[in-house]
Structure formats: C-alpha cells, structure tokens
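Notes follow the structure.
Derivation of every value follows stated rules applied to the coordinates shown; laboratory data play no part. Keep in mind the model is a prediction, meaning the values are calculated, not measured. So basically every Cβ, Gly included, is an ideal-geometry build from the backbone, and we count neighbours across all protein chains shown.
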Amino acid sequence: MTDFLQLLISGLATGGIYALAALGFTLLWQASGTINFAQGEFVMLPAFVMLAFMALGAPLWLGFVLAASVSVLVLGWAFKRGVVDPLFKYGMMPIVVATIGLAITMSNGIRAGYSAEAHPFPNPFGDHVFNIAGVTITSGGIGTLVTALALVFATQAFMTRTVTGRAMQAVAQNTESATVLGINVPRMIFYAFAINALLACAAALLVTPTYLAKFDMGEGLGTKAFFAAIIGGFNNSRGALLGGLIVGVAENLAAAYVSPAYKDAVALLIFMVVILFKPQGLLGKKEERKV
C-alpha cells in the first residue's frame, strides 16, 4: 500500500503538469477554434529563456517574469499574427500542418542555437523531503501539484465566471454573433493566445526541474498533453485536469506494476479506449461550432 501511495502522489504531480499543458489545447480551442501541435515546444522555449536570463545573473523569479513577458510577445502575439491569422481563413488543416512545422523548427533551433545537452534547472519549491507514514513526499512534488491545480482552476473560473472569459467563448462559438453583440473579436482571440503563453511558461517552471531543459523535452510533453485533453474532453477545461491526472497516475502505475517499457504507451492506450467509447471525452459534450 505504501508503494501504491508513493506512485499515486508522484503520478498526480506529473499529471498536474500534463493538465497544465493540456489546458493550453482546450483554451485555444474554446476561445479561438485553433489546435496548436507546437504546445510542447511552447513549454520548452520559456525554460531556455529562463536559463538564459539566469545565466546573466537574474534570480529565478525574475527570470520567470521576463520569460513570461517574452512568451506573451513571441508565443502569444507573434504566433497569432504570423501563423494563425494568415491561415485561419483556409481552415484547420493548414494550421495543424504549420504548428507541426513550427514545433520541429523550434526544437531544432534550440539545439543548434543554444545546446543539444540537457541542462539542470532549479526547483522553485526547494528539494526538501518529508516522510509521512512511510510515504516519501518532496516539497517540489507537492508544490508542483498544488500550483498546477491552482492554475487550472483559476483559468476555468476565468473562462466561466468573468465577462471576458464568456466573451472569449462566445467568439469561438459564433464569431458573427459575437461581433453583433459588440464583442471585440480580435482582442478576445489575442487574450486566449496570451493566456496560453503564460500557462506554457508556468508549465516550464514546474516541469523543467524534474525533466531538465532539453531541446526535445516538448515532444513527449506535447503528445501526452494532447492525449490528456482528448481523454478529458477537448471542449472542457476541467477535462484537461482530469485527463492529465489520469495519464500521470496511469503512467506511474504501469511502469511499476507492468513494465517501464510500456510507460509512454499508456496515454495512447487510454486515448484509444476513450475515443472508441466516448469520442467527446470523459467530461466533454457534443457541440456544433460555427466560426
């Protein structure tokens, strides 16, 4: 039982990170009708930006603030204006292809321009270890889980309980009607991209201490986050949380009780089962979209 609880807690911490990245998928889909397959690389880039600022002498908190600003500018505004806006009128497929190409470009750019090696990253919550009833808990794991959950719930509350959040969803559901109602459509769409950039930067702060800063760290993270978003429900922010936690815990249990070789296949297996029996996801709902 002790081993199971140990695996469960560490799996929840990992799942919280997946949920945070998956939330970016659901947010862009709900607010702008966009799917970004470079989401994993959107987490990778701020990690290296923070490393660069810290190499210049900035403390971690300042590096995070500066990286968040860069993320909003590059991963929010520039991504929207340079990639999504020109292609949006041609449908979803060009955007999907473009974001896949962007992911490859970003990872190879970091490898060539920064380093191909893995770099250690400081843990914002420290490295304290606690032993409770035989279960080892680290301050980093607890801090990661609590922060990830707080950000997911805060984003969900923003989208559902604020005027701006509801306006963002109205734009995604029907752009013409939102315009008639006086909603500033371009501004609402930009907000979605900016929030996604901030969430990606926060995910980088949480995931990099464990997985190290690597040029290819976004590949696996982005794939599992996408699976988590589908499993939970692509049109439901709470679904991103549920899907992320399911994937994180299932990975840990499979690695311990089946084989470590199957760890990375668990997310795909759960994804396939959910798609077969509940295509809209566990918490998702069927909807018709008019853009």
Legend entry - Among [x] 22.6, 75; [y] 20.7, 75; [z] 18.8, 61, the entry derived from the coordinates for Rg and Dmax of the Cα atoms in Å: [z]
Inset, instruction - List the relative contact order of region 2-277 as a percent without decimals, with contacts defined as Cα pairs under 8 Å and 6+ residues apart. - result: 39
Legend entry - Least to most buried among 129, 84, 43 (fewest other Cβ within 10 Å first): 129, 84, 43
Inset, instruction - Show which aspartates and glutamates lie in cross-link reach of residue 89 when reach means a straight Cα distance below 17 angstrom and same-chain residues fewer than eight apart are skipped. - result: 176
Inset, instruction - Mind pulling up the Rg/Rh value for region 72-196? Radius of gyration and Kirkwood radius, both on Cα. - result: 1.10
Inset, instruction - Quick one: P(r) of region 149-259 from all Cα-Cα pairs, 5 Å bins, percents rounded to integers, in order of increasing distance. - result: 2, 10, 15, 21, 19, 13, 9, 6, 3, 2, 1, 0
